[in-house]
Amino acid sequence: MKIRLIGKNLEELKAVADEAGLPGFAARQIADWLYRKKVRDISAMTNISKAGRDALESKYEVGAILPSECVSSSDGTKKYLFPVTCSHGNVFAEGGERMEDGAVEAVMIPEDDRKTLCVSSQSGCRMGCRFCMTGRQGFHGHLSAADIISQFVAVDEADGLTNAVFMGMGEPLDNYGNVMKAMEILTAPWGFAWSPKRITLSTIGVIPVLKRFLDESRCHLAVSLHNPFGDERQELMPVQKAYPITDVVELIRRYDFSGQRRVSFEYTMFMGYNDSKRHADALARLLKGLECRVNLIRFHKIPDFPYDTIPDELMEQFRKRLNASGIVTTIRASRGEDILAACGMLAGKHE
Ligand code: SF4
């Protein structure tokens, strides 16, 4: 089986070029073909000599995974399904664990002049949040940087993407090395050359790794909060036991979010669970003085789950109460619900 070039950083590409007998600058040329021009074959890298391409092809391939299916929502959102049984065999060949089955999904969300890609970092998830379809399917494996970057180069909108959110399947901080490598490729001048401001990582708050992320990255952060009371939060989010939300917020307070970097808190509203004035006031107290934003998210009903979707007017009341307490709060428009692409609905399955 050939080795995949996609997902390699400049240092690794230099080693590849060296081994193939190519001049030093060829690594940047290969990176340009992979990440700017997004070619699918080494033969398309035409500024590399024919002999050089042949040398590369004897051992390597571009290796992007292509989507097996794409469904479009009536609101323009598109959901892509990336299969695991592709021509590269095990998609976790490079540094990941072997995936058992299933597939991963990426969702493209158009809005005004933006095209945001919501990417997956794992197949399934081991965090077990009870409201999440991904969590319910269990854990199948980490995605390699190659698999994550494939989502960016293989969607139809690859050349027009403006933003990325690591909010698809999986907890990105549970696959930190591969996610950070993908972010390096996205932000490096030799890679996609995106500003870190275009990228948001969403986490439920795995504190030790979150600290590393805050220290090592300049990308935005979104934290899935969902309930300001520890005992109630733990009912739906087992992570609360190991990493209480109060400790997560305390850690975040040590970092500067008054400049370019932003932190937001995701708050999915469940009828009768976290929608009271008591919750709004506790949430405001928890976040008081922190430069942040709260995004209220409408819950999408899933089977065998005790809580229901909340009416819009109750959400609006909750938003107003938080705003009145000085917490900037918005209601996130629901996107792609009809194709099971909205928050918490990704399961990597066709049905
Ligand atoms: Fe995993 Fe995120 Fe779903 Fe929780 S909400 S189970 S962390 S994918």
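From helices alone, the chain scores -8000 deg cm²/dmol at 222 nm; the rule is -39500 (n - 2.57) for each run of n ≥ 4 DSSP H residues, then divide by the residue total.
Residues 10, 296, 56 in ascending order of nearby Cβ atoms (within 10 Å, fewest first): 10, 296, 56. Peptides 189-200, 309-320, ordered by how many other C-beta atoms sit within 10 Å of their residues on average, highest first, read 189-200, 309-320. Applying a DSSP loop filter and a limit of 15 other Cβ atoms within 10 Å to the chymotrypsin sites (Phe, Trp or Tyr not before Pro) in the stretch 1-36 leaves 25. Per-residue packing, averaged as other Cβ atoms within 10 Å, sorts the ranges 221-230, 163-172, 58-67 into the order 163-172, 221-230, 58-67, beginning with the highest. The ranking of 32, 113 from fewest to most other beta carbons within 10 Å of each one's beta carbon is 113, 32. Here the Karplus curve 6.51 cos²θ - 1.76 cosθ + 1.60, taken at θ = phi - 60°, turns the phi angles of the stretch 226-237 into couplings of 6, 6, x, 9, x, 5, 6, 5, 5, 4, 9, 10 Hz, with x standing for Gly and Pro.
Residues whose amide H falls under 5 Å from that of residue 331, counting only those 5 or more places apart or on a different chain, are 296, with hydrogens built in the peptide plane. Amide H contacts of residue 201 (H built 1.01 Å from N, in plane; Pro and chain starts excluded): 166, 220, 221, 222 sit under 5 Å, all sequence-distant by 5 or more or on other chains.
In the chain, the DSSP beta bridges split such that about 40 percent are antiparallel, to the nearest 5. Kindly identify the chain as rounded, prolate or oblate by the Cα gyration tensor criterion: order the square roots of the eigenvalues as a ≥ b ≥ c, call it rounded if a/c is under 1.5, otherwise compare a/b with b/c, prolate if a/b is larger, else oblate. Prolate, because a/c is 1.5 or more and a/b exceeds b/c. Counting only lysines at least 8 places from residue 320 when in the same chain, those with an alpha carbon closer than 28 Å to its own are 197, 277, 288, 301.
Throughout, read-outs are computed from the coordinates displayed, never taken from laboratory work. Keep in mind it's a predicted model, so treat the numbers as computed, not measured. Virtual Cβ from ideal backbone geometry, glycine too; neighbours counted across all protein chains shown.
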